Amino acid sequence: MTDTTPFPSSQTSDPVLKAVGVTMAFGGVRALDNVDASFYPGELCGLIGPNGAGKTTLFDCLSGLREPTSGKIHYEGHDVTSRSSTWRARQGIRRTFQRQQIFGWLTVEDNVLVALEWEGGGGGLVADLLALPTRRRREQARRERVDEVLERCGLNELRYETAANLPIGRARMVELARAVVFKPTVLLLDEPTSGLEEFEVENLAQVVRRLCVEENCSAVLVEHDVNFVMRNSDRVIALNLGSVIAEGTPDQVRENAAVRSAYLG
């Protein structure tokens, strides 16, 4: 049974991203079963649950990698259920993955810069060949944004390093930098602390928190390290066997009997 205890909320706006009655079935198995979940600007929301709870499947539906069997995904008040993951990413729904996905042959700087290339260069091939002012201004703005993000993520000294040479913790920070360089409205973080040293975990938490506060981004965090989720989340949603079993502040969810049962059996 879902805990419906109200939680303190600073949300004065509508959800930026919302799952409404989302069900995802694989044959006879329901990975998600009528899930309702809302995510708000400026908030860090943790998504927890034991293995097989449906956390990554929900991320797949939110990001557009999967279209749910039934139910809807709303983004900024619009039904985007059938929109592709590429379309959603370009509208501001950005995601990192459990497995590293960096371009190993590129430098750290170019890995981050490539996330801005889809916008175009400002004037096309002619502007590139003639080095027109519109092209120069666009390129300067891109470089300044990359500089800002590299500094924020602690990667400035590694900007010219080939990404394939990085240890796993630094590579994950490159993924985060690439996800946030084109300012996201929603950031979906799938087990971002995996393989990170303790100081890197704290740095990641500070980067995400600052992004929520300064850029009014909604961050959604899936993480097996429940203590990390509880320390850093404004609100927590707990899943088990594809259903929401609790929602509230970290303290409320921590003390919830259904959550304790799901983890402890």
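The values are calculated or read from the model by the stated rules, or taken from the named source; none is laboratory data. Here the structure is a predicted model, which means the values were calculated and not measured. Every residue, glycine among them, receives a Cβ derived from its backbone with ideal geometry; neighbour counts consider all protein chains shown. Ligands, DNA and RNA are stripped out before the accessible areas are found, and what is left, the full protein with its side chains, is counted by its heavy atoms. Shrake-Rupley method; radii C 1.70, N 1.55, O 1.52, S 1.80 Å.
Quick notes on this one:
- Qualifying residue in region 210-228 (condition: at pLDDT below 95, in contact with a Leu (Cβ under 6 Å, 6 or more places away or on another chain), surrounded by 20 or more Cβ atoms within 10 Å (Cβ to Cβ) and β-branched (V, I, T)): yes
- Within region 40-57, tally of residues that are out of contact with any Lys or Arg (no Cβ under 7 Å at 6 or more places or on another chain) and assigned to a strand (DSSP E or B): 2
- Positions within region 212-236 being free of Cβ contacts under 8 Å to residues at least 40 places away in the same chain and touching a helix residue (DSSP H, G or I) at 6+ places or on another chain (Cβ under 6 Å), in sequence order: none
- Selected residue (criterion: most open to solvent (accessible area, probe 1.4 Å)) from residues of region 58-103 that are in a loop (DSSP other than H, G, I, E, B), within 20 Å of L47 (Cα to Cα) and among the charged types (D, E, K, R): R99
- Close pairs from region 142-160: first at positive phi, partner hydrophobic (A, V, I, L, M, F, W, C) and surrounded by 19 or more Cβ atoms within 10 Å (Cβ to Cβ), Cβ under 7 Å, at least 6 apart: G154/M173
- Residue pairs whose Cβ atoms lie under 7 Å apart, sitting 6 or more positions apart in sequence or on different chains, and linking a residue in region 77-98 that is touching a residue at least 60 places away in the same chain (Cβ under 8 Å) and among the basic types (K, R) to a partner that is part of a loop (DSSP other than H, G, I, E, B) and surrounded by 13 or more Cβ atoms within 10 Å (Cβ to Cβ), are R94/P184.
- V259 passes every criterion in (1) within 26 Å of V20 (Cα to Cα); (2) open to solvent by less than 20 Å² (accessible area, probe 1.4 Å); (3) at pLDDT below 95; (4) under 16 Å from the mean Cα position of the chain (by Cα) apart from (4).
- Conditions (1) over 29 Å from P15 (Cα atoms); (2) at pLDDT below 80; number of the one not met by W118: (1)
- Only one of the numbered conditions (1) surrounded by 19 or more Cβ atoms within 10 Å (Cβ to Cβ); (2) of a type outside the set (A, V, I, L, M); (3) in contact with a Pro (Cβ under 8 Å, 6 or more places away or on another chain) is violated by T185, and that is (1).
- Residue in region 198-205 that is touching a residue at least 60 places away in the same chain (Cβ under 8 Å) and either open to solvent by 30 Å² or more (accessible area, probe 1.4 Å) or in contact with a strand residue (DSSP E or B) (Cβ under 7 Å, 6 or more places away or on another chain) (or both) present: no
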